[in-house]
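Quick notes on the structure that follows.
Any read-out appearing in this document is the output of simple, stated calculations on the displayed coordinates, not a laboratory observation. Not measured: the values here are computed from a predicted model. Quick reminder, even Gly has a Cβ in these numbers, built from the backbone with ideal geometry, and neighbours come from all protein chains shown.
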């Protein structure tokens, strides 16, 4: 437990120490519990906004009010369940892809799936902290009635603001990730790539950007 707590503290304060420790001793249990708590909390706080977006879409499609109310309640339950399941599936998937990439690139054979999974889980803590900040800003500065699509819930200033009132939700979502807080995530991710792949800073930064763009593109596609 002490080592797990230290990893969580270090991923925020001294990422290189956290990744070095995870490379030799891949502990991820506490980190994934925290991620699940964050995910459920964010989903609960976001529900009024997602419900408004769902209701707006159904109203435009001519769905009766009673059916909208029922669908909203079902959506709340499924949303909370999905907030637990989806992050775990994503973490497992990206870890599997990175493990395969590591094998193809002939990275140290001692680095197995469990090591990469532990690193991915801890790095994702940064993403969830950023999402938490976005949720807090959304709750304070945006009225529920103003939400029309997913892009309207992106509150951290990013490149999406340059498009103004564009209706291209996928593009807006993609560009919203180009924001100052993403630099924090990219920096931590690059440190992890450098330590786990035992490579130089330039290659680590390129690898981190590719991994980050993959995640951003997947979310934008499925919006």
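As an exercise: evaluate residue 172 against (1) touching a residue at least 24 places away in the same chain (Cβ under 8 Å); (2) surrounded by 20 or more Cβ atoms within 10 Å (Cβ to Cβ) and give the number of the one condition it does not meet.
Residue 172 satisfies every listed condition except (1).
Which of the residues that make up the range 138-155 are surrounded by 18 or more Cβ atoms within 10 Å (Cβ to Cβ) and free of Cβ contacts under 8 Å to residues at least 24 places away in the same chain?
Of everything in the range 138-155, those that are surrounded by 18 or more Cβ atoms within 10 Å (Cβ to Cβ) and free of Cβ contacts under 8 Å to residues at least 24 places away in the same chain turn out to be 154, 155.
Given the conditions (1) within 23 Å of residue 48 (Cβ to Cβ); (2) surrounded by fewer than 17 Cβ atoms within 10 Å (Cβ to Cβ), and given that residue 89 satisfies all but one, which numbered condition is not satisfied?
Result: residue 89 fails condition (1) only.
For residue 193, state whether it is assigned to a helix (DSSP H, G or I), free of Cβ contacts under 8 Å to residues at least 40 places away in the same chain and closer than 20 Å to residue 25 by Cα. Give the derivation first.
Working: assigned to a helix (DSSP H, G or I): yes; free of Cβ contacts under 8 Å to residues at least 40 places away in the same chain: yes; closer than 20 Å to residue 25 by Cα: yes.
Criteria met by residue 193.
So residue 109 passes all but one of these: (1) surrounded by fewer than 14 Cβ atoms within 10 Å (Cβ to Cβ); (2) assigned to a helix (DSSP H, G or I); (3) over 15 Å from the mean Cα position of the chain (by Cα). Which condition number does it fail?
Only one criterion is unmet by residue 109, namely (2).
Are any residues in the range 175-223 surrounded by fewer than 17 Cβ atoms within 10 Å (Cβ to Cβ) and over 17 Å from the mean Cα position of the chain (by Cα), and if so, which ones?
Result: 198, 199, 200, 201, 202, 203, 206.
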